[in-house]
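For reference, the structure discussed in these notes is given below.
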Amino acid sequence: MNKPVFQVYGLGQSCLDYLGKVETYPPPDVKYEFTDMVIQGGGPVATALVALSRWGISCTFTGVLGDDQFGTLIKASLDEEGVDTSGILVREGSTSQFAFILAEPGVGRRTIFWHRPTGPPPGPDELDYNSIRKVEVFHTDGLFTEASFAAAKVAKEAGVKVVVDGGSLREGMLDLARLSDYFLASEIFSEALVGEGKPLDACHKLAELGPRVVGVTLGPRGYVALAEGRIIERPAYPVNPVDTTGCGDVFHAGFTYGLVQGWEVDKCLDFASWAAAMVSLKLGGRTSIPTLEQMKEKGW
């Protein structure tokens, strides 16, 4: 039987998030009550694929889980959303990634406590290159350096669009930028690359490596991007944020959705910014992903 052909192949992080609200961040050595706990899957690539799947885009995911209860729940959270999980690698005797997140509603701030997975990362020989060559977009957070580089190289050679979520400036990320078509970085990445308060400088530096479009997301201040030499700057959509978990993940999902739809770069970025703002309205990175109905109401 032939394997199905997907539109987006995602390689990267997946985890289980426990989230709660606090009025203000507590000082040390106290007991402090939190409210409204939510438990759901997380991770940059995994959450991006969940959003895309809800928007009607077929997706397949490769990542690493442990053979623990968290791993079972993470996989189930993707299966329930229609994301293909046949590429997930379960490492026996290891633990999955887990996070506890404290959100401060009204100030748009959250603190993440997390535990990395203990199993070995995917190796380049464990990837489904046949699927990668057939998708429209390959999306990665670069967490698994060797595998991400190998997959991006194959995707690039096959004419597949390569989108990178540059969350932090880890080893190998600039090499990955050289293989990418679209490199969208966080403000933290930008500051590590060129210093504080210079996101446009970061865009220029990244563009020199070869991507067609580079950008830096700036949270409540919007984003700045460089599209084939043209500067694009937009403010964030005005909202009263409850929790910013997942906003960056869904920004990348929104941009990728636009690519699949054949939109111009400006529209891809604008939709990404709107979708990210909608995510901040409720607790959890997946709770408030905008629906297709909301998208139609807004004219997307």
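Summary table
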{"item": "Qualifying position, being assigned to a strand (DSSP E or B) and within 28 Å of Leu16 (Cβ to Cβ), among Ala185, Ala272, Ala253, Ala277", "result": "Ala185"}
{"item": "Members of region 74-101 that are of a type in the set (A, V, I, L, M, F, W, C), surrounded by fewer than 18 Cβ atoms within 10 Å (Cβ to Cβ) and in a helix (DSSP H, G or I)", "result": "Ala76"}
{"item": "Which listed residue, of Cys59, Cys15, is touching a helix residue (DSSP H, G or I) at 6+ places or on another chain (Cβ under 7 Å) and farther than 26 Å from Asn130 by Cβ", "result": "Cys15"}
{"item": "Residues within region 163-175 that are surrounded by fewer than 23 Cβ atoms within 10 Å (Cβ to Cβ) and under 16 Å from the mean Cα position of the chain (by Cα), tallied", "result": "4"}
{"item": "Boolean, Glu23 is of a type in the set (D, E, K, R), part of a loop (DSSP other than H, G, I, E, B) and in contact (Cβ under 8 Å) with a residue 12 or more places away in the chain", "result": "yes"}
{"item": "Filter pass, Leu143 being modelled with pLDDT of 95 or more and either in a loop (DSSP other than H, G, I, E, B) or closer than 22 Å to Ile231 by Cβ (or both)", "result": "no"}
{"item": "Count - residues of region 230-246 that are surrounded by fewer than 11 Cβ atoms within 10 Å (Cβ to Cβ), in a loop (DSSP other than H, G, I, E, B) and without any contact (Cβ under 8 Å) to a residue 40 or more places away in the chain", "result": "1"}
{"item": "Residue satisfying all of: in region 35-59; within 21 Å of Gly167 (Cα to Cα) and among the polar types (S, T, N, Q); surrounded by the most Cβ atoms within 10 Å (Cβ to Cβ) among these", "result": "Thr47"}
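Conditions (1) assigned to a strand (DSSP E or B); (2) of a type outside the set (A, V, I, L, M); (3) touching a strand residue (DSSP E or B) at 6+ places or on another chain (Cβ under 8 Å), marked per residue:
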{"residue": "Gln13", "(1), (2), (3)": "no, yes, no"}
{"residue": "Leu16", "(1), (2), (3)": "yes, no, yes"}
{"residue": "Lys31", "(1), (2), (3)": "no, yes, no"}
{"residue": "Asp36", "(1), (2), (3)": "yes, yes, yes"}
{"residue": "Ile39", "(1), (2), (3)": "yes, no, yes"}
{"residue": "Ala46", "(1), (2), (3)": "no, no, yes"}
{"residue": "Leu52", "(1), (2), (3)": "no, no, yes"}
{"residue": "Ile57", "(1), (2), (3)": "no, no, yes"}
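Conditions tested, residue by residue: (1) within 19 Å of the chain's Cα centre (by Cα); (2) among the charged types (D, E, K, R).
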residue: Leu200; (1), (2): no, no
residue: His204; (1), (2): no, no
residue: Gly210; (1), (2): no, no
residue: Thr217; (1), (2): yes, no
residue: Asp243; (1), (2): yes, yes
residue: Cys268; (1), (2): yes, no
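The values are calculated or read from the model by the stated rules, or taken from the named source; none is laboratory data. Everything numeric in this text was worked out from a predicted model, so none of it was measured. Positions of Cβ are generated from backbone atoms using ideal geometry, with glycine treated the same way; all protein chains shown enter the neighbour counts.
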